[in-house]
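Asks: The structure is given below, and queries will be raised subsequently.
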Amino acid sequence: MIDIELIEECRGGNFNNFRKLVELTSPLAYSVAFRMLGNEDQAKDIVQETMVTIWQKLNKIKSAEGYKSWIYKIVVNKCYDEMRKRKRIPEFVTDELAWKLISNKISEGPSAALEDNETSMVIALLTDKLSPKQKAVFILSDLEEMSNDGISEITGLSKSTIKANLYHARKSISEKIEKYL
Amino acid sequence: MLQENEKYDKVLYLLKKSKPLLDSSENIENEVIKRIKNIGHSDRMLNEVFDFLFGWIYIGWVRRCLIVASIALVLVFAYQQAIILRRIDYLSRQTIISGKENTNTHADEMEKMLVVLRNAGRRFPSNSITISEKQMKELLESVNELQLKYKDLENMIESDPELKKMIQKKLMENNRIKINL
């Protein structure tokens, strides 16, 4: 649980307290970064950079809630940068293998879960036609289960834009599922 | 459509359930602490230099004195601006006066020319005189020369009483002849 007291203690320059904050914050940041980028190493780099940015701007944090949305904001922006860089290096995704995997997992029932590498493969497969914004909105809304207000605060998009992006993302994913599954 | 949604929900459920887990959070913590310690060191150096150069501005009475001094400077500046504007205004009026003087001098010359022209014009029918500027100047010069010679003549007559008497006598005779006529 991240509380404002811990953040205030970190402001004093205490590394042990900040270590605690990193410990609590990293899983949140990593989850979004990994789902956005689908790469473990890159997601870890994003988490590190995010925590360094937080350390540099600790004085700006006013509340624990604000801190949480601020982390997501930094992570999403850093992921956008990474995705932009990546445009030049297209990745090869084995579609058939991914669809087969999804089919198998669904048939296993509700207890089935994916490994991290499988998750990245499935997300990449489902979202490869989406723009970075659509992908971010889909991940934050449907996978991280955030409200439209929260997404608006993180992405800086208006609620109507979020709804439109989410609609297009869901439609594109649904069409793929319908076609291949 | 229902089936399509069902498939979509199942895939989404699978992805939600497969939350990526950060396995090496300790590595990230260590790396982050290492990075912020390096940043902290260079930041501290900068802060020390900054404090040495500008730290005195944070002293209460110095700050108040600076505020008073800045207000005084603004007032002095405004006063000086007002004086400068007033002087500019005065000087601009002066220029107009000197311009008038110039114009007057020029106008005198012109007036003189016109008088000469008018006198000369009596001898010619109207609208039949064409005279160049050069000719006009020559005419003026000759008028001036004539005036000087007239003054010399007057002086000469004044200085010689016999000559004066003789001239007066001659003039009276001339007048009688004109009256007789």
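Asks: State yes or no: is A:THR53 polar (S, T, N, Q), assigned by TED's automatic domain parsing to the domain that holds A:LYS78 and under 14 Å from B:LEU22 (Cα atoms)?
Replies: No, not satisfied.
Asks: OK, next. Filter the stretch B:22-43 down to residues that are more than 7 Å from chain A (Cβ to nearest Cβ) and more than 60 Å from the chain's Cα centre (by Cα) and give me whichever is modelled with the lowest pLDDT.
Replies: B:SER24
Asks: When you go through (1) under 30 Å from A:LYS179 (Cα atoms); (2) within 14 Å of chain B (Cβ to nearest Cβ); (3) out of contact with any helix residue (DSSP H, G or I) (no Cβ under 6 Å at 6 or more places or on another chain); (4) at pLDDT below 85 one by one for A:LYS57, which number turns out not to apply?
Replies: (1)
Asks: Could you run through the stretch A:30-58 and say how many residues are surrounded by 24 or more Cβ atoms within 10 Å (Cβ to Cβ) and among the hydroxyl-bearing types (Ser, Thr, Tyr)?
Replies: Number of matching residues: 2.
Residues checked against (1) touching a His at 6+ places or on another chain (Cβ under 6 Å); (2) in a loop (DSSP other than H, G, I, E, B); (3) of a type in the set (D, E, K, R):
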residue: A:LEU101; (1), (2), (3): no, no, no
residue: A:GLN134; (1), (2), (3): yes, no, no
residue: A:ILE139; (1), (2), (3): no, no, no
residue: A:GLU153; (1), (2), (3): no, no, yes
residue: A:TYR167; (1), (2), (3): no, no, no
residue: A:SER172; (1), (2), (3): no, no, no
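Asks: Go through the stretch A:67-82 and give me each residue that's under 13 Å from A:GLY150 (Cα atoms), crowded, with 20+ Cβ neighbours inside 10 Å and more than 10 Å from the chain's Cα centre (by Cα).
Replies: Across the stretch A:67-82, the qualifying residues are A:TYR67, A:TRP70, A:ILE71.
Asks: Continuing with this model, one more query. A:LEU114: within 12 Å of chain B (Cβ to nearest Cβ), free of Cβ contacts under 8 Å to residues at least 24 places away in the same chain and either within 15 Å of the chain's Cα centre (by Cα) or closer than 16 Å to A:PHE34 by Cβ (or both), yes or no? Explain how you work it out, then say what you get.
Replies: Values: within 12 Å of chain B (Cβ to nearest Cβ): yes; free of Cβ contacts under 8 Å to residues at least 24 places away in the same chain: yes; either within 15 Å of the chain's Cα centre (by Cα) or closer than 16 Å to A:PHE34 by Cβ (or both): yes.
Yes.
Asks: Right, B:LEU75: surrounded by fewer than 12 Cβ atoms within 10 Å (Cβ to Cβ), farther than 30 Å from B:GLU133 by Cβ, more than 14 Å from chain A (Cβ to nearest Cβ) and modelled with pLDDT of 80 or more or not? Even if it seems obvious, please write down each step before you answer.
Replies: Details: surrounded by fewer than 12 Cβ atoms within 10 Å (Cβ to Cβ): yes; farther than 30 Å from B:GLU133 by Cβ: yes; more than 14 Å from chain A (Cβ to nearest Cβ): yes; modelled with pLDDT of 80 or more: yes.
Considered against the rule, which asks whether it is surrounded by fewer than 12 Cβ atoms within 10 Å (Cβ to Cβ), farther than 30 Å from B:GLU133 by Cβ, more than 14 Å from chain A (Cβ to nearest Cβ) and modelled with pLDDT of 80 or more, B:LEU75 comes out as yes.
Asks: Among the residues that make up the stretch A:19-33, is at least one of them more than 9 Å from chain B (Cβ to nearest Cβ), among the hydroxyl-bearing types (Ser, Thr, Tyr) and out of contact with any strand residue (DSSP E or B) (no Cβ under 8 Å at 6 or more places or on another chain)?
Replies: yes
Asks: Out of the residues in the stretch A:124-175 that are of a type in the set (Val, Ile, Thr) and in contact with a Lys or Arg (Cβ under 6 Å, 6 or more places away or on another chain), state the one that is nearest to A:LYS73 (Cα to Cα).
Replies: Only one residue tops the list, namely A:ILE154.
Asks: Right, something else. How many residues are surrounded by fewer than 18 Cβ atoms within 10 Å (Cβ to Cβ) and either under 10 Å from A:MET36 (Cβ atoms) or within 13 Å of another protein chain (Cβ to nearest Cβ) (or both) when one looks only at the stretch A:125-147?
Replies: Total satisfying the criteria: 2.
Asks: Among the residues of the stretch A:60-77, which ones are modelled with pLDDT of 85 or more and either more than 14 Å from chain B (Cβ to nearest Cβ) or at positive phi (or both)?
Replies: If the condition is that a residue be modelled with pLDDT of 85 or more and either more than 14 Å from chain B (Cβ to nearest Cβ) or at positive phi (or both), then A:TYR67, A:LYS68, A:SER69, A:TRP70, A:TYR72, A:LYS73, A:VAL76, A:ASN77 are the ones that fit.
Asks: Sticking with this one: Tell me, which residue of the stretch A:29-39 that is modelled with pLDDT of 90 or more and of a type outside the set (Lys, Arg) is nearest to the chain's Cα centre (by Cα)?
Replies: Here the residue is A:VAL32.
The values are calculated or read from the model by the stated rules, or taken from the named source; none is laboratory data. Note that the structure is predicted; figures quoted are calculated from it, not measured. Cβ: placed from backbone, ideal geometry, glycine included. Neighbour counts: every protein chain shown.
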